[in-house]
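*Asks:* Please find one structure pasted underneath; my questions will follow.
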Amino acid sequence: MKYIFIFIFLFFIVKKSLSQPTVNNIFKKPTGDFNIIENWDKGVPTLNDGYRAIIGVSESGGAWSNQQVTNFNGPANAFWIQVGQSSTLGNTFTTTYGVNAENFIIVNKALVSFQIAGNPTTNAANYYCDIDKFSLIAANISITKNFKSDAIFVLDPTSYMNVVSSTFNTKIIQNTQSFSFYKDSKIVLMGLKGFENSSHEFHNTDLLVNNNPEQGSSWFDTNTEVYFYNSNYTSYDIFNIYNNSEMFLFDSDAKFIYDNDGENYIGLQIKKSALYVVGSTFYSSKYIGNYDSQIIFEDSTGTISNDFNLFDHSVLYGDNSKITFNNIFSIYNTSQLNIKDNSNVNILGAVSITDQGVASINNSIFTVNNKNIDPSNTKLYFQIYDSAKFFSYNSQLSIECYFLAADDSDIYFESSSVSINSFAQLSEKSTMTLRKSTISLDEDLSLWENSNFALLNQSTLTVLGYLSFYNQSFMTVRDSKVTISGFVYDYTSAIKNYYFAIINSNFNVNGYFISYGSLLLKSGSTFNVNNQFTIKGYFNIESNSQFSIKGSFINYGIVEMTDSKGFIEDGQLKLTDNSDFTLTNSEITLKNGDLLLSSSANLQLINSQILNQDGSLTFDGEIHLNSKSSLKNSAHFILNNNIVPSESGSQTFDNSGTLDINNGNETTTNILVPMTNAGTVNLGKNAFIISYTQTNGNLILNKAVLSSNNTIIVNNSGIQGSGQLNGSITTNGGKLGNSSISNLDINGDLDSYKDTYTFTLDSNTTSSFINISNNATINNSTLVIRVNVNLLTDGTQLNTTLIQSNNLKGNGFSNIIFKSYDPKANTESDIEGCKHSVAYNRGTLGVLLNSNKDKECSSNNGSTGGTDGGDGGDGGEKTYFGNSLTAGAIAGIVVGIAAFVVIAGVIVHFRNKIPKVERLSFKLKQVNNNA
């Protein structure tokens, strides 16, 4: 509608031009020169005559077509010049001099040709054109030499203007059908306009458009085409390209320079049109706005120093080009940025892609470097929101500002390298996907409000800050690698649909990791945390995956492991109250850490095992072992609750370290799976072990009871301390008792073979003692009797019971060793055994100590008796001990016992030369010093 008003306006201008002045000066010859007097009816026109000099009218006043007027004799001066009229055709005016006129009008395809031979800068009087207003109405103008004027060219849309090798300086050109400039022309204008299907060309031309006080005076409208070939174009004027018009730059240099355009005024505006920059250089310091338009850079360089905006489905293409934006860059309303084929885009301002806008970078370099402008400005950003999209293929991206994506936006990187030197945030259902790409962030990455981050197909993510999740956002890492230097927060919901999923990938966290959501580790993934790892939601590890925690692993929620492995390097695996930890076909190894199981925590092993290599286990809660599961401790294990099978099967508990069973809420700790011990078991409370086998280990009883339904088996192992074994015991090569005073009750049978029994006699009331409720079979064993050195000086004979059983049998002890020890000096030495006697009576084994210094060893001090306690040799009724012992009496029970496993075969060695009256009975008996 506005163009109708423009044409109406031009119509009145032309009508006014043709109607004034009323007096005409007619060129009356068919041909002739402008400055010859006889060629005019009123003489040669002058600047102040007030006449309208008309070419194309006969002397009689009628129309005169094909009239040819030349001007070869000097400047053409006239108040008003009109070439042609509506009823004539083919009129021409050709001049080689300057033209001076208030108005110059060309009508109805008349041709005006400026072939100015001189230079107006050196001879202005002859060659300078001073035309106030230049109007072309369905006319043509040809300028082949110099033209310099302050004229305004008002051109009818069907007019034509051609300029060759000229200097052309005027105010404005508008409304022409076609104007072309060729061969080193130099044009200076104050406006440039083209209307409706016009076409304009500039070849090897310098075009300067100065700022016009009438804003918006330069524009191309309605299918206008403008071509620049090897030309230089500089515009200070506000410039508009409208309605399917096209501007082409081929091997040219174009500059649009800000010149007081007004604050936030769009200095270069393109609407429903296109700007092509091919093999050219493009610069604009104007604020650029694009509306449903295209700007195409091909093999070119572009610099935009002011704001740049793509509105209403506009597109900016870059093909093998370098484009720099020194200020704000914005994409709106489904507009697009398409950069490809070794292009380089550098943006030094804030970036905004919104309202379904799209940016696509292909095989190019894309840099946002706006922090270099003002490092203190924290508001600079790269923002993608409102269903916008950003794609990168085979490209390198460097983003040195805050990166924000929101409102269901989509970001996709493929075979690309991305560097963000600040933080990145996804929110409101936005997604970021990487395939075969690398992305690094100098600060943090946070996901909010159902946003999604996907790292796929050998991609790599490096975050020097922290990683955080909120509001059911989720992250997928598949076939990729992640390294987080800071901490990880997962504050999402523990719903399995919102996994933080790590699939066939490597995930490393140097800081701490806390998860309230659902974390999935599967398909051979590795998960490493070098600080505290806390689960308050759900953690699922499966399919040959592996985690390694160098800090503490604290579980408040649910952990499920299947076909996987876990390692606690140096810290704690703590299962808090009401938490669940289930292993299926899996294994956890404590290399140098602690496993703490709270009293109400649930630990269940299904065909799985826990290995304690060099750590510490503390179980206040109950552990469940399913079929084929095992628990292995090679370090330190504190068991304060039960180990129970979830179902019948081949569950085992193997201890090769230290197992402490001392505390707990229950009276008895139950180990209801078969247990093997090759380490040390410290039993400080009652325990029931369904099956116990000890090989090269040690069982220490601290006034506790060990019970078993099966025979306790001890091979090459020790049983120490005081306590009770409820069950039969078989020992082979074992050691029962040590240097401490111990009392052992065995409620069952004892089968002992090649064992060493150590009994310590500390005082006349304190000594070691073994009580066996059933039968005791001892074969080929060694008996060591340790006596406090202070008891060997009082000259008293004492006897005491060492072993008491229902029936003591076997070939006894093949070796008996007497030792003295000094508790103060902490020394021990052998003493003569011939002065002392060991004997048994039915099920009792005792010792007779003789500390009388007057008694000496007899030459025949008896022989070793058999299982029935043979009488021994002659003279064995009494035995003197010599001067090595002083008078004194020993009375007490010596219990040197360390029964961890059933002892098989113990040999009881004793002497028969004790008088029958002095043979040991079931009760302690003191022998008089002088007997």
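The values are calculated or read from the model by the stated rules, or taken from the named source; none is laboratory data. Remember, predicted model here, so these are calculated numbers, not experimental data. Please note: Cβ atoms are built from the backbone with ideal geometry, for glycine as well, and neighbour counts cover all protein chains shown. To get the accessible areas, we keep the full protein, side chains included, count just its heavy atoms, and leave off ligands, DNA and RNA. Shrake-Rupley method; radii C 1.70, N 1.55, O 1.52, S 1.80 Å.
*Asks:* Can you tell me, using C-alpha contacts under 8 Å and at least 6 residues apart, the relative contact order of region 602-850 as a whole percent?
*Replies:* Relative contact order, region 602-850: 9 percent.
*Asks:* Multiply the residue gap between E832 and S543 by 0.36 nm, knock off their C-alpha separation, and tell me the result in nm, one decimal place.
*Replies:* 97.2 nm
*Asks:* Rounded to the nearest 0.05, what FRET efficiency do N342 and N508 give with R0 = 35 Å and r taken as the Cβ-Cβ distance? Could you check?
*Replies:* 0.50
*Asks:* Here's something else I'd like to know. Quick one: putting +1 on the C-beta of Lys and Arg, -1 on the C-beta of Asp and Glu, what dipole do you get for region 602-850 around its Cα centre, in Debye to the nearest 20?
*Replies:* 380
*Asks:* Sticking with this one: Tell me, in nm to one decimal, what length is gained between T31 and N841 on full extension, where the rule is 0.36 nm per residue of separation less the Cα-Cα distance?
*Replies:* Gain on extension, T31 to N841, equals 275.0 nm.
*Asks:* Return one whole number: the accessible area per residue of region 602-850 in Å², for a 1.4 Å probe.
*Replies:* 35
*Asks:* Continuing with this model, one more query. In the full protein assembly as shown, how much of K271 is accessible to a 1.4 Å probe, in Å² to the nearest 10?
*Replies:* Surface accessible to solvent at K271 totals approximately 80 Å².
*Asks:* Next question, about the same structure. For D822 and T483, what does the FRET efficiency come to when R0 = 60 Å and r is the distance between their Cβ atoms, rounded to the nearest 0.05?
*Replies:* In this case the efficiency is close to 0.40.
*Asks:* Okay, moving on. Out of residues 5 or more away from T483 or on other chains, whose amide H comes under 5 Å of its own, with H placed 1.01 Å from N in the peptide plane?
*Replies:* L461, T462, V463, N508
*Asks:* Okay, moving on. Quick check: residue separation of N126 and N815 times 0.36 nm, minus the Cα distance between them. What number comes out in nm?
*Replies:* Gain on stretching N126 to N815: 233.5 nm.
*Asks:* Of L461, L521, S430, which is farthest towards the positive pole of region 423-550's charge dipole, taken about the Cα centre with +1 and -1 on the beta-carbons of Lys, Arg and Asp, Glu respectively?
*Replies:* Result: L521.
*Asks:* For region 423-550, what % of the accessible area comes from carbon and sulfur atoms, probe 1.4 Å?
*Replies:* Ligands and nucleic acids excluded, carbon and sulfur give 42 percent.
*Asks:* Let me ask something else about it. Name the residues of region 441-481 whose amide N is less than 17 Å from a point 7 angstrom out from the Cα of S398 along the C-beta direction?
*Replies:* 441-443
*Asks:* Still on this structure, please answer the following. Just the number, please: Stokes-Einstein D of region 226-277 in µm²/s, Kirkwood Rh from C-alpha pairs, 20 °C, 1.002 mPa s.
*Replies:* Stokes-Einstein gives a translational diffusion coefficient of 183 µm²/s.
*Asks:* Using the heavy atoms of the protein chains and a 1.4 angstrom probe, tell me the accessible area per residue for region 423-550 in square angstrom.
*Replies:* That works out to 35 Å² per residue.
*Asks:* Binning at 5 Å from 0, report for region 480-587 what percent of all alpha-carbon pair distances ends up in each bin.
*Replies:* 3, 13, 24, 30, 23, 6, 1, 0
*Asks:* List the aspartates and glutamates whose alpha-carbon lies under 20 Å from that of K481, not counting same-chain residues fewer than 8 positions away?
*Replies:* Result set, ordered by chain and number: E414, D442, E443, D444, D490, E542.
*Asks:* Between rounded, prolate and oblate, where does region 566-632 land on the alpha carbon gyration tensor, with a ≥ b ≥ c its root eigenvalues, rounded for a/c under 1.5, else prolate if a/b exceeds b/c?
*Replies:* In terms of gyration-tensor shape, oblate.
*Asks:* Would you mind giving the average projected area, over all directions, of the Cα convex hull of region 631-678 in nm² with one decimal?
*Replies:* One quarter of the hull surface, i.e. the mean projection, equals 3.4 nm².
*Asks:* Would you grab the residues whose amide H sits under 5 Å from the one on T680? Only those 5+ places off in sequence or on another chain, please, with H modelled 1.01 Å from N.
*Replies:* Placed amide hydrogens put G657, T658, L659, N698 under 5 Å from T680.
*Asks:* If one computes P(r) from the Cα atoms of region 423-550, what percent of pairs lie at distances over 18 Å?
*Replies:* Value for region 423-550 (Cα pairs over 18 Å): 46 percent.
*Asks:* For region 348-454, what does the alpha-carbon gyration tensor say about shape, rounded, prolate or oblate, given a ≥ b ≥ c as the root eigenvalues, a/c under 1.5 as rounded, and a/b over b/c as prolate?
*Replies:* Judged from the Cα gyration tensor, region 348-454 comes out rounded (a/c under 1.5).
*Asks:* For an R0 of 22 angstrom, estimate the FRET efficiency from the Cβ-Cβ distance between S87 and K42 and round to the nearest 0.05.
*Replies:* 0.55
*Asks:* Given a 1.4 Å probe and every protein chain left where it sits, what share in percent of the accessible area of region 602-850 is carbon and sulfur?
*Replies:* Carbon with sulfur: 40 percent of the solvent-accessible area.
*Asks:* Along region 765-781, what does the Karplus equation 6.51 cos²θ - 1.76 cosθ + 1.60 (θ = phi - 60°) give for ³J(HN,Hα), rounded to whole Hz, x for Gly and Pro?
*Replies:* 10, 10, 7, 6, 7, 10, 10, 10, 6, 10, 7, 10, 10, 10, 9, 6, 10
*Asks:* Treating only the Cβ atoms of Lys and Arg (+1) and Asp and Glu (-1) as charged, compute the dipole magnitude of region 423-550 about its Cα centre; round to the nearest 20 debye.
*Replies:* Its charge dipole is roughly 380 debye.
*Asks:* How would you classify region 724-781 from its alpha-carbon gyration tensor, with a ≥ b ≥ c the square roots of the eigenvalues: rounded for a/c under 1.5, else prolate if a/b is greater than b/c, otherwise oblate?
*Replies:* Cα axes put region 724-781 in the oblate bin.
*Asks:* Using amide H atoms built in the peptide plane, which far-off residues or other-chain residues are under 5 Å from H203 H to H?
*Replies:* F181, Y182, K183, Y229
*Asks:* Something else now. Using the Karplus curve 6.51 cos²θ - 1.76 cosθ + 1.60 with θ = phi - 60°, what ³J(HN,Hα) values do you get for each residue of region 583-598, in whole Hz, with x for Gly and Pro?
*Replies:* Whole-Hz 3J(HN,Hα) from phi for region 583-598: 10, 10, 6, 9, 8, 10, 10, 9, 6, 7, x, 10, 10, 10, 10, 5.
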